[in-house]
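The values are calculated or read from the model by the stated rules, or taken from the named source; none is laboratory data. No experiment lies behind these values; they were computed from the predicted model shown. Here the Cβ positions follow ideal geometry from the backbone for every residue, glycine too, while neighbour counts run over all protein chains shown.
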Amino acid sequence: MLKIRLSRIGKKKQPYYRLTIAENTRDTYGKSLEILGSWNPRSKELQSESDRIKYWIGNGAQMTPTVNNLLIEKGIIDGKKMIASKSKARKKEKK
């Protein structure tokens, strides 16, 4: 199954991500089929090829929840946001 996901390429303490499409079993640092854009979380800037993203979604590619939420925020796709991270259960301390 193909997935559109983020691949980190930034320096230490300076995150910068590429939007890539790759097989979901491949490593995020491994080879991807195509680079669809980039995202800078510090400046909240998303540069993407919206026509290529829509093409891959039309051909059955899935998106990770984070990518899905980014594309909805920027107006590239329509839909509902997903829960991007699982919250950790807090341990109750016994007193």
Candidates 55, 29 - the one that is at pLDDT 95 or above and either of a type in the set (Val, Ile, Thr) or more than 13 Å from the chain's Cα centre (by Cα) (or both): 55
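Does residue 76 qualify as being touching a residue at least 40 places away in the same chain (Cβ under 8 Å), in contact with a strand residue (DSSP E or B) (Cβ under 9 Å, 6 or more places away or on another chain), surrounded by 13 or more Cβ atoms within 10 Å (Cβ to Cβ) and at negative phi?
Details: touching a residue at least 40 places away in the same chain (Cβ under 8 Å): no; in contact with a strand residue (DSSP E or B) (Cβ under 9 Å, 6 or more places away or on another chain): yes; surrounded by 13 or more Cβ atoms within 10 Å (Cβ to Cβ): yes; at negative phi: yes.
Answer is no for this residue.
Look at residue 26 and say whether it is surrounded by 14 or more Cβ atoms within 10 Å (Cβ to Cβ), of a type in the set (Lys, Arg), in contact with a Leu (Cβ under 8 Å, 6 or more places away or on another chain) and more than 15 Å from residue 73 (Cα to Cα). Steps first, please.
On the way: surrounded by 14 or more Cβ atoms within 10 Å (Cβ to Cβ): yes; of a type in the set (Lys, Arg): yes; in contact with a Leu (Cβ under 8 Å, 6 or more places away or on another chain): no; more than 15 Å from residue 73 (Cα to Cα): yes.
For residue 26, the condition - surrounded by 14 or more Cβ atoms within 10 Å (Cβ to Cβ), of a type in the set (Lys, Arg), in contact with a Leu (Cβ under 8 Å, 6 or more places away or on another chain) and more than 15 Å from residue 73 (Cα to Cα) - is not met.
Kindly indicate which of 13, 31 is at positive phi, out of contact with any helix residue (DSSP H, G or I) (no Cβ under 9 Å at 6 or more places or on another chain) and without any contact (Cβ under 8 Å) to a residue 40 or more places away in the chain.
Just a single option satisfies the conditions, and that option is 13.
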Hits in region 32-52 (condition: within 13 Å of the chain's Cα centre (by Cα) and assigned to a helix (DSSP H, G or I)): none
